[in-house]
Amino acid sequence: MSVDWVSFTPWMSLAGGVLIGVAAAIYLLGLGRIAGVAGLVATSLAALVDGRSLRPELPRLLFLLGLLVAPWLWWIGEPLPVAAVDVGTGAVVAAGLLVGVGVRMANGCTSGHGICGLSRLSLRSLVNVLAFMGAGFATVFVLRHGL
């Protein structure tokens, strides 16, 4: 294994992790809810589909807007990293659908379980994180080396 020392940025990675943790903590302390992105999207979409007012969803929508705007703010100071996807559109769609099914089965997404759940020492979140990380490792290994 070789390390790409040019792209190895532990301090930037640490800063990003701290920002995510601080945002999740502020969200939890301010609203009393876990900042799991899948749950936020589901709750907001349910209100929209049911025809309810989106006013009570405003904090959730602003949080989600922040997630969408953050790369553009980064882009002001630095070029965005180049995204390289070496699979076809069908594989990306299938992966997205499988992630969606997994999120529903796990009662939460990676941000909810991995950031908020683990920081609260939730056993359920630990099991879910181990499951989705293990499934991800196994999938990459099989696709890269097994087939």
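Observations on the structure shown:
- Nearest 10 degrees, 0 to 90: helix 10-31 Cα axis against the chain principal axis: 20 degrees
- Nearest-ten-degree value, helix 58-77 long axis tilted from longest Cα axis of the chain: 40 degrees
- If you take all other residues with their beta carbon under 14 Å from the beta carbon of PRO56, and give Lys and Arg +1 and Asp and Glu -1, the sum is +2.
- Note that the stretch 78-92 has calculated 3J(HN,Hα) couplings of 9, x, 5, x, 7, 8, 10, 10, 9, 10, x, 4, x, 5, 5 Hz, one per residue in order, obtained from phi through the Karplus relation 6.51 cos²θ - 1.76 cosθ + 1.60 (θ = phi - 60°); glycine and proline are x.
- One way to sum up the overall shape of the chain is the equivalent ellipsoid from its Cα gyration tensor, whose semi-axes run 27, 21, 18 Å, largest first.
- A simple packing score, the average count of other Cβ atoms within 10 Å per residue, orders the peptides 125-136, 35-46 as 35-46, 125-136, with the highest score first.
- Charged-residue dipole, Cβ positions (Lys, Arg, Asp, Glu), the stretch 10-146 about Cα centre, Debye nearest 20: 380 debye
- Within the listed set ARG124, ARG33, ARG55, the Gaussian network model of the chain (springs between alpha-carbon atoms below 10 Å) gives the highest mean-square fluctuation for ARG55.
- Between helix 37-50 and the chain: long-axis angle, C-alpha atoms, 0 to 90°, nearest 10: 50 degrees
All of the numbers you see were taken from the coordinates with simple rules; none came from a lab. These numbers come from a predicted model, not from an experiment. Using ideal geometry, Cβ is built from the backbone for each residue, glycine included, and neighbour counts are taken over all protein chains shown.
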